[in-house]
Amino acid sequence: METEKVLYIGRHAKSSWDFPGRADIDRPLAERGVTNAYDMAQRMRSRDDKPGCIISSPANRALHTAIIYARELNVPFTDLLVDEALYMAGEDSILQIITGMDDHVDSVMVFGHNPDFTHFANYFLSDQIYNIPTCGVVRLVFAIKRWEDLHRGKLVSYLFDYPKKR
C-alpha cells in the first residue's frame with residue numbers, strides 16, 4: 001500500500017502596482033492581497049490542510065504570501081524555504097524542486113507565479129484549470145511514497161480554491 005504525498009500549489013496574492021519603476025521581483029502585496037492571503041490560509045486551516053514545509057519564489061509578493069500562510073498554518077519558519085528557481089523559471093524547474101524533496105516530508109506548498117503555476121497544476125489534472133487567480137491554491141494528493149515518483153497517473157484527488165470561490 002502506497003502512502004500519500006500532498007502538493008499545494010499556491011499563487012502569490014494580489015500585488016501592488018503603486019510603485020512605478022520598481023523591479024518586478026520587488027513588487028509588494030496590495031492591501032487586498034494581504035487580506036486574501038490571511039483568508040485563504042484560514043480556509044486551509046479549517047480543512048486541516050497543513051504543509052510540512054513551504055517553498056517560495058524570492059519575489060517579494062510570493063514570499064510575503066508564504067509568510068502569511070506559514071504564520072496562519074503554524075509552519076515553523078525553519079520550514080519556510082526560498083528557491084530562486086521558482087521565480088519565472090518554468091514548469092520543469094517546479095517539477096524538479098518537488099521531485100527533489102526529502103521523502104520524510106509528506107506535504108509541501110510552493111508559492112510562485114503564473115502562467116507557470118497554472119500550467120504546472122494542469123499537467124496533473126484531467127479537468128483543466130483555466131487560470132489560478134491570485135492567492136488561488138490547488139491541493140493535489142498523490143498515491144506515492146517518494147516525491148521522485150510524482151506523475152499524473154498517481155493523482156488520487158484534487159481541490160481548487162481561490163478567494164472569490166464560495
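The values are calculated or read from the model by the stated rules, or taken from the named source; none is laboratory data. Quick caveat: nothing in here was measured; it's all calculated off a predicted structure. All Cβ positions, even for glycine, are placed from backbone atoms using ideal geometry, and neighbour counts span all protein chains on display.
Taking region 65-97 only, how many residues are of a type outside the set (D, E, K, R), in contact with a strand residue (DSSP E or B) (Cβ under 6 Å, 6 or more places away or on another chain) and either touching a residue at least 24 places away in the same chain (Cβ under 8 Å) or not in a helix (DSSP H, G or I) (or both)? Explain how you work it out, then say what you get.
Step one: of region 65-97, the residues of a type outside the set (D, E, K, R) are 65-70, 73-78, 80-82, 85-90, 93-97.
Imposing the further condition that a residue be in contact with a strand residue (DSSP E or B) (Cβ under 6 Å, 6 or more places away or on another chain) reduces the set to 65-66, 70, 75, 80-82, 86.
From what is left, the residues that are either touching a residue at least 24 places away in the same chain (Cβ under 8 Å) or not in a helix (DSSP H, G or I) (or both) are 65-66, 75, 80-82, 86.
The number of residues fulfilling the criteria is 7.
In region 7-38, which residue that is hydrophobic (A, V, I, L, M, F, W, C) and either in contact with a His (Cβ under 6 Å, 6 or more places away or on another chain) or in a helix (DSSP H, G or I) (or both) is farthest from residue 162 (Cα to Cα)? Before the answer, list the steps.
Looking only at region 7-38, we keep the residues that are hydrophobic (A, V, I, L, M, F, W, C), and these are 7, 9, 13, 17, 19, 23, 25, 29-30, 34, 37.
Keeping just the survivors that are either in contact with a His (Cβ under 6 Å, 6 or more places away or on another chain) or in a helix (DSSP H, G or I) (or both) gives 25, 29, 34, 37.
Numbers: 25: 23, 29: 16, 34: 14, 37: 10 Å.
Applying the filter and picking the extreme gives 25.
Checking the condition among the charged types (D, E, K, R) and free of Cβ contacts under 8 Å to residues at least 12 places away in the same chain, which residue from 26, 48, 39 passes? Spell out the reasoning first.
Values: 26 fails: free of Cβ contacts under 8 Å to residues at least 12 places away in the same chain; 39 fails: free of Cβ contacts under 8 Å to residues at least 12 places away in the same chain.
Just one listed residue meets the conditions, 48.
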In region 108-153, residues that are more than 17 Å from the chain's Cα centre (by Cα), modelled with pLDDT of 95 or more, more than 21 Å from residue 79 (Cα to Cα) and surrounded by fewer than 18 Cβ atoms within 10 Å (Cβ to Cβ) total 2
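Name the single residue, out of those in region 85-107 being among the acidic types (Asp, Glu) and at pLDDT 95 or above, that is nearest to the chain's Cα centre (by Cα). If you could, list the steps in order and put the result at the bottom.
The first filter runs over region 85-107 and keeps only residues among the acidic types (Asp, Glu), leaving 91-92, 102-103, 106.
Checking which are at pLDDT 95 or above leaves us with 102-103, 106.
Values: 102: 17, 103: 18, 106: 15 Å.
This residue is 106.
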Residue pairs qualifying under the 8 Å Cβ cut-off, at least six apart or on distinct chains, with the first in region 105-118 being within 11 Å of residue 62 (Cα to Cα) and the second being surrounded by fewer than 22 Cβ atoms within 10 Å (Cβ to Cβ) and β-branched (Val, Ile, Thr), are 110/97; 110/98
